[in-house]
Amino acid sequence: MSVMKISSYIRRDLVFSDIPPGDRDDVLRHAVDRLVDADALTADSGQTVYRGILKRERIGSTGIGRGIAIPHCKTSAVETPFVSFMKPVEPVEYGATDGAPVHSLFVVISPLKAADEHLAIMRWIAKIARNDYYAKLLSTTRDPDSLHELFHEIDGAA
């Protein structure tokens, strides 16, 4: 069985470094709007995903520390898992576990039937967040092409 690289779930056209500032919910709304604009979600599925992400955030913040958050949901609104990486123009107060504002969001959207893939993606992102070097690179890199390349480099180093 071949192992799929997690970075293959992050399409280059879903890497954004200019999410408008706001509070957590504003930033998440802008993030989902970008996914709709990029045709990753329909307008209807965008509403479903936004509600799903907010529902998950009410359970507990997905801000996992070092300026990184993993807003996510599983939904019947998508056929295959995907990840979008988003950087707000300004760090966002997010209620993260370490209290630090969030500068990087990995938005993970998976179909209900893809629980194993969803968990593998979440583990991969958590591993990045625990790595001082990668967390620092994410905080300082703004160029979408460089960010996309970084994810493939991380996969290659694993």
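Read-outs throughout are calculated quantities, based only on the coordinates presented, and are distinct from any laboratory measurement. Predicted model only: the values in this text are computed from it and were never measured. Because the Cβ atoms are built from the backbone with ideal geometry, glycine has one as well, and the counts that use them run over all protein chains shown.
More than 27 Å from L150 (Cα to Cα), acidic (D, E) and assigned to a helix (DSSP H, G or I), is that true of D44? Here the answer is yes, as D44 does meet what is asked. In contact with a helix residue (DSSP H, G or I) (Cβ under 9 Å, 6 or more places away or on another chain) and without any contact (Cβ under 8 Å) to a residue 12 or more places away in the chain: is that true of E153 in this structure? Yes. Could you tell me whether any residue of region 14-28 is touching a strand residue (DSSP E or B) at 6+ places or on another chain (Cβ under 9 Å), part of a strand (DSSP E or B) and over 19 Å from Y94 (Cα atoms)? Within region 14-28, one or more residues are touching a strand residue (DSSP E or B) at 6+ places or on another chain (Cβ under 9 Å), part of a strand (DSSP E or B) and over 19 Å from Y94 (Cα atoms). Scanning region 13-54 for residues that are of a type in the set (K, R) and farther than 23 Å from R130 by Cα, we see that the one that is surrounded by the fewest Cβ atoms within 10 Å (Cβ to Cβ) is R51.
Can you tell which of G22, G67, G60 is without any contact (Cβ under 8 Å) to a residue 12 or more places away in the chain and within 20 Å of V102 (Cα to Cα)? It would help to see each step written out before you state the result.
Numbers: G22 fails: without any contact (Cβ under 8 Å) to a residue 12 or more places away in the chain; G67 fails: without any contact (Cβ under 8 Å) to a residue 12 or more places away in the chain.
Criteria check complete, one pass: G60.
I'd like to check something: does region 125-138 contain any residue that is in contact with a strand residue (DSSP E or B) (Cβ under 9 Å, 6 or more places away or on another chain) and farther than 21 Å from I19 by Cβ?
yes
The residues listed here are V92, V83; of these, the one that is touching a residue at least 12 places away in the same chain (Cβ under 8 Å), β-branched (V, I, T) and in contact with a Pro (Cβ under 9 Å, 6 or more places away or on another chain) is V92.
I'd like the full set of residues that are assigned to a helix (DSSP H, G or I) and over 21 Å from T141 (Cα atoms), limited to region 1-13.
Within region 1-13, the first condition is being assigned to a helix (DSSP H, G or I), and the residues that meet it are 6-9.
Within region 1-13, none qualify.
The set of residues in region 29-41 that are outside any helix (DSSP H, G or I) and among the acidic types (D, E) contains only D39.
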